[in-house]
1. If you go through the range 156-181, how many residues are surrounded by fewer than 16 Cβ atoms within 10 Å (Cβ to Cβ) and out of contact with any helix residue (DSSP H, G or I) (no Cβ under 8 Å at 6 or more places or on another chain)?
2. So, in the range 101-119, exactly how many residues are at pLDDT 95 or above and either farther than 28 Å from residue 248 by Cα or not assigned by TED's automatic domain parsing to the domain that holds residue 227 (or both)?
3. Return a yes/no flag: does the range 26-47 have any residue that is closer than 23 Å to residue 109 by Cα and modelled with pLDDT of 95 or more.
4. Does residue 98 meet the test of being in the same structural domain as residue 240 (by TED's automatic domain parsing), at pLDDT 95 or above and either more than 16 Å from the ligand (Cβ to nearest atom) or on the phi > 0 side of the Ramachandran plot (or both)?
5. With the requirement that a residue be within 16 Å of the ligand (Cβ to nearest atom) and under 18 Å from residue 164 (Cα atoms), what does the range 241-290 give you?
Ligand code: MG
């Protein structure tokens, strides 16, 4: 199934998206739960509760405002750096000083703050004055269902509730300026997410084409089969000694073709439009606008 979070009639709703993607039918969730988006369904599922019924008839999807499926994650989003061979190579000489061999022993894991999430078609505000090297990263998002700790990779896929898409927007100069990546990854609006969640029974995250366009020009064209650390390995690694909770999010890294890897680098500018698409999941598209002066 495909579940979306959306705004309509002055409040937030959660609904089921029709197979053709053209309509959505709201679920009868109490407003307090609907406010948390699809996370409310994941938590109900983890508690063993049945899916709630529908609330009214389907409506055309273009009559609602699609929000991020999980508008405010319960905690920071786990993110994986340099998880595709070609992308690791394109950035090897720029951001990172350590050897490629070290990177391929253990995944790089960092986080983005929950508050940087925005909807699939919302604007991204460029923090001009802080950064002039803002970049895109098209990524498959893994959504944890039933939580757990010390999950073995052989069992890991049972813990995946569904999948979505994120653009892991990154200020490269800020990423390099500080020893940790979180600041350069966590500016307000730096995590467009959506357009909805496809449940794990209907999507194969281990073999999915991931593409990104800037102003219509194809920049990234990869496939999750080429991850250095696959989804089971990521879940095993992150859950070693750290409990994963229902609704936890793992952004699985980006293929080659980011702006920093181009010669010369091409960073995002006000007025640019970035589209990220994963076959079988859908697409998000965001305009770059000027943020508040810093
Ligand atoms: Mg990334």
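1. Count: 3.
2. Summing the residues that are at pLDDT 95 or above and either farther than 28 Å from residue 248 by Cα or not assigned by TED's automatic domain parsing to the domain that holds residue 227 (or both) in the range 101-119 gives 0.
3. Yes, some residue in the range 26-47 is closer than 23 Å to residue 109 by Cα and modelled with pLDDT of 95 or more.
4. Details: in the same structural domain as residue 240 (by TED's automatic domain parsing): yes; at pLDDT 95 or above: no; either more than 16 Å from the ligand (Cβ to nearest atom) or on the phi > 0 side of the Ramachandran plot (or both): yes.
No; evaluated as a whole, the condition is false for this residue.
5. 249, 250, 251, 252, 253, 254, 255, 274, 276, 278, 284, 286
The values are calculated or read from the model by the stated rules, or taken from the named source; none is laboratory data. Note that this is a predicted model, so its numbers are computed, not measured. Please note: Cβ atoms are built from the backbone with ideal geometry, for glycine as well, and neighbour counts cover all protein chains shown.
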